[in-house]
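The values are calculated or read from the model by the stated rules, or taken from the named source; none is laboratory data. Not measured: the values here are computed from a predicted model. Neighbour counts run over all protein chains shown; Cβ positions are idealised from the backbone, glycine included. Surface areas here come from the heavy atoms of the whole protein model, side chains and all, with no ligands, DNA or RNA. Shrake-Rupley method; radii C 1.70, N 1.55, O 1.52, S 1.80 Å.
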Amino acid sequence: EKLIMEDLTQASSAEERCKVTTKIHETWQAYSKDLLPHIKAEEDNVIPFVRAYFTPKEYSELVGKLVRHGPPVETGSMVHYNGKEQMMTLMQRNMPGLVVRILWFVLLKPRYNTYKTTMLRYLEIMNEQHDLAKTPP
């Protein structure tokens, strides 16, 4: 995140910003291409394994630790891609509704807002600049 903004802010012209965002866009595309098969393998292999050998309570305690102690932007990403309703449903399996609502407002919503105002905004800027770079003068 920091490198993206440093590269973009150091670019002194629209042409340089287009070059930087094109490079970032290409890197992001390559990263996504490599990451998606890994995530699919986790969903196909690791999640069934975890469900087979751990109780829902044990699993939710581990996920809770990851959410509480992980980077805010990472937790915000989980909320974004799973959706608020799915996150709430997952938490309600092992927690009272009041606790879930408190966690939403105290922990998850601020982290989701951090994700929206940083990474999603950076992706929007990158995609806008990439589209501009492809537009003939």
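Odds and ends about this structure:
- Of the residues making up segment 62-84, at least one is within 30 Å of S13 (Cβ to Cβ) and surrounded by 11 or more Cβ atoms within 10 Å (Cβ to Cβ).
- Considering (1) at pLDDT below 85; (2) under 21 Å from the mean Cα position of the chain (by Cα); (3) farther than 21 Å from M119 by Cβ, the lone condition that M88 does not fulfil carries the number (1).
- Here L8 does not qualify as loosely packed, with under 10 Cβ neighbours inside 10 Å, modelled with pLDDT under 80 and among the hydrophobic types (A, V, I, L, M, F, W, C).
- Criterion: surrounded by fewer than 12 Cβ atoms within 10 Å (Cβ to Cβ) and out of contact with any His (no Cβ under 6 Å at 6 or more places or on another chain) - qualifying residue of L36, L90, L103: L36
- Residue that is among the hydrophobic types (A, V, I, L, M, F, W, C) and touching a residue at least 60 places away in the same chain (Cβ under 8 Å), where the choices are M95, M91, M126: M126
- Criterion violated by K57 - all others in (1) within 17 Å of K116 (Cα to Cα); (2) open to solvent by 90 Å² or more (accessible area, probe 1.4 Å) satisfied: (1)
- I24 vs. criteria outside the structural domain of N127 (by the TED database) and farther than 22 Å from N127 by Cβ: no
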